[in-house]
Every structure is written in structure tokens, then in C-alpha cells.
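J.: Here it is, the structure in full.
The values are calculated or read from the model by the stated rules, or taken from the named source; none is laboratory data. Please read these numbers as outputs of a predicted model, since none were measured by experiment. Neighbour counts are summed over all protein chains in view; Cβ atoms, including those assigned to glycine, are modelled from backbone coordinates with ideal geometry.
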Amino acid sequence: MKISITDKQGSDIITGFAKALGTVMTGRYVYIPKDKGEGFITGFSWNDNQLRVMLRNYFLHKDIVVECTNGFAEDQDDIIFILNGIFPDSLSSEKQIVPEQPSVTICKQSVTSILDMPSNTFFRSIVVAVSRNYLQKSFGNINHPLVENILNTQDNFAFDTALSPEMIKVASEMLYPNVPEIMESHYCKLKCEELLSYIFSLLVQRESVPTSTLHIDDIKAIYSVKIKLQSDLDNPPNIAVLAKELGMSEPKMRKLFKQTFGKGIFEFFQYNRMQEAARLLKFERLNVSEVGYQLGFTNLSHFSKVFEQYIGLKPKKYSSGFNS
């Protein structure tokens, strides 16, 4: 299914989405028809569309391709912050539904055209669109190359960072605001700005290195590496093979990957591997040896050492906190 939208009002994407699904907005919500999926999408717009937010908590049975044209004035250059997988899995329990991988993606609006919406995936995300003028007023005094790049470069870019516990807490407060309806817009605006502050606080903790220009094809390639790493956590990456598949030199691939994700390829792999290990211990209630072997470790002592390095506790002690 393809949706073509000219985005010149805060609600254009949401109303266009509703129309494509054969439904209408109810208040500020679009509820997904039962024959097409489950959940809802909603949003707000403030300051003459300088700051907009869309909350997505749904899944669809069909692929959706959104072709979004920026219909704003030429001097409004939006930066997009996508907080993926930030809401809990509270919808359908169908096994074929795949959750979004938690992360924060920051890019120019033009780059979002390459981000797809595959079927049978939970979209549990917050999408914030902010004009550069608005961002400059709040974060323009931060002296860090990455922040300066976001605020000033005319080139395409994409940066990824992890979700923090603080972001997850704010997201839940936005999804179900505990204020009178008349106050929801004001409340969510403050929460939106709080999210941006948490994102920038993580970005400034990265190593301060110059950034290279990214072409759209580079962004696609680097994100394809991310997907490969996250989908095969029991096999360490082969850097040479990955570079060959991309048709890119190893040094360039390593440099652009670290620029985008703030971690080297193997460090990113191990970080995600240990996050999955923590999930298996906490939610699947697997024992330490089951988790270690499932994630490709043949030496459980080494698994325990790596887990402690990334999570802060040995896996047995971490697991005991949920099984007592």
C-alpha cells in the first residue's frame, strides 16, 4: 500500500494515513481498523508547525510505503527524531508480530523517505519533527561537532543512539497523559522538549570526531549492516564479507558506521548481543547457560565477563533479581 502526502500541516500525515486505511480521525486519534491491524496513531503540532510529534502504537497486516513531500516554507528545514520501540508490547500477542528494535534515529526529513514500514511489525515509536530554527534556540550554544552538524549542515545525515530509561518514562507519560484533556497539548509539548534534551545529552557524550558527508546510498548501506548485526546475534560479524556485500571499502564502512551509531561494528554487535541476553534472562526466564549457548558463546566464563562489561552485573546475579 502506498500513501502519498504533502506535509504542510501538523496533522497531514495522520489524516492521509487514516484515509489510506479507510478510516477517519476520532478526536486526535486514528484507530487502526481490525481487518488491517491493531492500535492507534495520534499527534500534536505547536508553534506554527515548528515542533510536531506523532505517536505510533500499532501494527499492520500490509506493507505501507509513505511518500512524504515537505510542503512547508523553504526556510523551514525539519530535523526528524524517531524513537523506535519506545512503548511496551501491549497490543496483539500474535507470534508473527515482530517488535521494533529500540533506538533513536536522527536525520533530515529527506532521509526519512528511505525508512520503510514493513508489515507484521509493531510500531511503538514517537516521531518528533523540529525546525532547525526551533532547535537553534534550545541547543545552539552546545559546542560539539555532532550537535553542530545536526543544527547546521545542509548535507544528508543519520545518527543513531540508544533509548535511555528516562526517555522510556517520558514516552509512557505522553502515550497516556495523566492530565485533563484541555491540558494534554501543553503537557505533551513539555514532554517532547524533555525527550529532545535527553537525546542531545547522549549525543554530546560521544567521542568528538569530525563527521563525513553521507549520501542516501551510504545511509541505506550502513543501516543494512545494522539490520544484519541485530538479526544474527549468535554469529560475530565478518567485516570483510560485510564490506564486500556493500561494495564499500572496510575503512569507509567502519568510519561511517561509527559516525552513525557511535560505536564500532563489533562493539555495536556485542552491545546488542548483551541487551538480548538481558532480555532472555529477564523476560524469557532462561538460565545463564541457555542464554550463553543460544547467543553463540561456547565459553560461559567469557559470556559472563562480556555480560558484566556491558550490563554491569554478572548474568547469574542479574538473573537472580527476577527469579527470587
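J.: If you go through the stretch 155-198, how many residues are closer than 30 Å to H215 by Cβ and either in contact with a Lys or Arg (Cβ under 7 Å, 6 or more places away or on another chain) or in contact (Cβ under 8 Å) with a residue 40 or more places away in the chain (or both)?
T.: 12
J.: Taking into account only those residues within the stretch 152-167 that are at pLDDT below 95 and part of a helix (DSSP H, G or I), which is nearest to L196 (Cα to Cα)?
T.: Checking each candidate, the answer is P165.
J.: Can you tell me which residue is farthest from Q270 (Cα to Cα) among those in the stretch 308-324 that are in a loop (DSSP other than H, G, I, E, B) and of a type outside the set (D, E, K, R)?
T.: Among residues in the stretch 308-324 that are in a loop (DSSP other than H, G, I, E, B) and of a type outside the set (D, E, K, R), the one farthest from Q270 (Cα to Cα) is S324.
J.: From the set of residues in the stretch 249-268 that are touching a residue at least 12 places away in the same chain (Cβ under 8 Å) and in contact with a helix residue (DSSP H, G or I) (Cβ under 6 Å, 6 or more places away or on another chain), which is farthest from D160 (Cα to Cα)?
T.: M253
J.: Does Q294 qualify as being polar (S, T, N, Q) and surrounded by fewer than 15 Cβ atoms within 10 Å (Cβ to Cβ)?
T.: no
J.: Related question: Applying the selection to the stretch 133-147, what residues are in a helix (DSSP H, G or I) and within 16 Å of L202 (Cβ to Cβ)?
T.: L135, S138, F139, P145, L146, V147
J.: Considering every residue within the stretch 199-215, establish whether at least one is touching a strand residue (DSSP E or B) at 6+ places or on another chain (Cβ under 7 Å), more than 20 Å from E267 (Cα to Cα) and not in a helix (DSSP H, G or I).
T.: Yes, the conditions are met somewhere in the stretch 199-215.
J.: On to the next question. Just checking, which of K305, K228 is of a type outside the set (G, A, S), part of a helix (DSSP H, G or I) and farther than 18 Å from A162 by Cα?
T.: Going through K305, K228 in turn, just one is of a type outside the set (G, A, S), part of a helix (DSSP H, G or I) and farther than 18 Å from A162 by Cα: K305.
J.: Answer yes or no as to whether G262 is at positive phi and surrounded by fewer than 16 Cβ atoms within 10 Å (Cβ to Cβ).
T.: It is false that G262 is at positive phi and surrounded by fewer than 16 Cβ atoms within 10 Å (Cβ to Cβ).
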